[in-house]
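The block underneath contains the structure these notes are about, expressed in structure tokens.
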Amino acid sequence: MVGVNKYPHDQLLVSAPDDAAYGDYTFGLEPLLLPRPGVESAPWAHEKCSYEAWIDAIRTLAEGSESPSERQPSVNADAVYWFRWITGHQVCFLIWRLIAEHPRECDAQSEEHSRILRSYAQAYSAMLLYSGSCSRATYHTVIRPTMKLQHPGFSGGWAPDYCLAKDLLTRAAYEDEGLRAALEFKDLVHAYVASRLVPSGKSLLQESRAPARNTELREVLYDNYFMTIRTDVSRGKIVEQFIRRLLAVARDVGGQGLDLFGPSESDAFPASQPSIIQNFVQQFGNVLAEVALAAVQTATS
């Protein structure tokens, strides 16, 4: 596992990592460092920071240099989808943390405030698609069994950082039509991915006869599964980890494509729904670039 102190807390990486730099090998994973829920991170030490190179790299990598039909997976598909499952969830955790870090005292009606929150909501949708881009067979033979081994009733509802972010977004959406639409689209994407991967609609929690009743234990199990370590972390370190993962995701999507819409697995939704999602996928690189900008603005505000 990559050492947790490999990078200084406020020294951000500007260049895009190559295939071997992230996770030490192609489609390797990295541990995620986050503060404990409810504990504020230390302020960013830098007064000024240049981030344009990161955003340009994210957008360029996600667009790729080949057409989808020309892209060929460079490694075993299971390795790619395992990387997407873990890393995509880690990006979601960072999005939730950044939402919680976003200044509440700013003008809730300002366009800047609305744009940042919409960027987080859109990136969340993008990560749902990215994490859930595997085939149904891969999900049931590679991913779901590992969650069940962690706990028979393993559930996304155990995510320690989700509740606060959800509450903040829900309250903000009352006065922001654009954010409300972004959250409705997020719900649509979640339902679509769930219908593809689990047509029965039954989660592990619903199937389990052994639900976890200890909240602290559930959170530890959840963090452990997604390689998340709770410790004191600065805002600079949060943004660094976020940018590193966005660059790795962009490189993956630009080189492999998402391969989401197999005809055998799109029957659960009306034909119009995948086309709506496909239109969103076409903007994948822009979504990642915009949320990178939002993260820097949140951390430095």
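The values are calculated or read from the model by the stated rules, or taken from the named source; none is laboratory data. In this text the structure is predicted, and so the values were computed from the model without any measurement. Neighbour counts are summed over all protein chains in view; Cβ atoms, including those assigned to glycine, are modelled from backbone coordinates with ideal geometry.
Among the residues that make up the range 166-184, is at least one of them of a type in the set (Val, Ile, Thr) and free of Cβ contacts under 8 Å to residues at least 24 places away in the same chain?
Checked the range 166-184: at least one residue is of a type in the set (Val, Ile, Thr) and free of Cβ contacts under 8 Å to residues at least 24 places away in the same chain.
Filtering GLU40, GLU63 for residues that are farther than 19 Å from ILE238 by Cβ, modelled with pLDDT of 75 or more and not small (Gly, Ala, Ser) leaves a single hit, GLU63.
Listed here are the residues, each with its yes/no results for (1) at pLDDT 90 or above; (2) more than 16 Å from VAL291 (Cα to Cα); (3) touching a Pro at 6+ places or on another chain (Cβ under 7 Å); (4) of a type outside the set (A, V, I, L, M).
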| site | (1), (2), (3), (4) |
| --- | --- |
| ARG104 | no, yes, no, yes |
| ASP107 | no, yes, no, yes |
| LEU117 | yes, no, no, no |
| MET127 | yes, no, no, no |
| VAL142 | yes, yes, no, no |
| MET147 | yes, yes, no, no |
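Answer yes or no as to whether VAL14 is modelled with pLDDT under 50 and either of a type in the set (Val, Ile, Thr) or on the phi < 0 side of the Ramachandran plot (or both). The answer is yes for VAL14.
Are any residues in the range 137-190 part of a helix (DSSP H, G or I) and either among the acidic types (Asp, Glu) or in contact with a Lys or Arg (Cβ under 6 Å, 6 or more places away or on another chain) (or both), and if so, which ones?
Taking the range 137-190 and keeping what is part of a helix (DSSP H, G or I), we get 137-150, 156-158, 162-173, 177-190.
TRP158, ASP167, ALA173, GLU177, GLY178, LEU179, ALA182, GLU184, ASP187, listed by residue number.
Whenever a residue of the range 24-45 is of a type in the set (Gly, Ala, Ser), its partners that are part of a loop (DSSP other than H, G, I, E, B) and surrounded by 17 or more Cβ atoms within 10 Å (Cβ to Cβ), lying with C-beta atoms within less than 6 angstrom and at least six residues away or across chains, give the pairs SER41/PRO35; SER41/VAL233; ALA45/ASP10.
Looking across the range 204-250 at every residue that is part of a helix (DSSP H, G or I) and small (Gly, Ala, Ser), the one that is farthest from the chain's Cα centre (by Cα) is identified as GLY236.
Between LEU117, LEU98, the distinction of being buried (at least 22 other Cβ atoms within 10 Å of the Cβ), aliphatic (A, V, I, L, M) and in contact with a Phe, Trp or Tyr (Cβ under 9 Å, 6 or more places away or on another chain) belongs to LEU98 only.
Checking the condition small (Gly, Ala, Ser) and touching a Leu at 6+ places or on another chain (Cβ under 7 Å), which residue from SER131, SER114, SER135 passes? If you could, list the steps in order and put the result at the bottom.
Numbers: SER131 fails: touching a Leu at 6+ places or on another chain (Cβ under 7 Å); SER135 fails: touching a Leu at 6+ places or on another chain (Cβ under 7 Å).
Every option except SER114 fails the conditions.
Residues in the range 224-258 that are surrounded by fewer than 20 Cβ atoms within 10 Å (Cβ to Cβ), among the acidic types (Asp, Glu) and under 21 Å from THR146 (Cβ atoms): there are none.
Looking only at residues in the range 270-285 that are over 15 Å from the mean Cα position of the chain (by Cα) and either under 18 Å from CYS92 (Cα atoms) or assigned to a loop (DSSP other than H, G, I, E, B) (or both), which one is modelled with the lowest pLDDT? Top of the filtered list is ALA271.
Scoring GLY201 on the criteria (1) among the small types (Gly, Ala, Ser); (2) under 18 Å from the mean Cα position of the chain (by Cα); (3) not in a helix (DSSP H, G or I) leaves a single failure, condition (2). Answer with yes or no whether GLU219 is of a type outside the set (Val, Ile, Thr) and buried (at least 17 other Cβ atoms within 10 Å of the Cβ). Yes.
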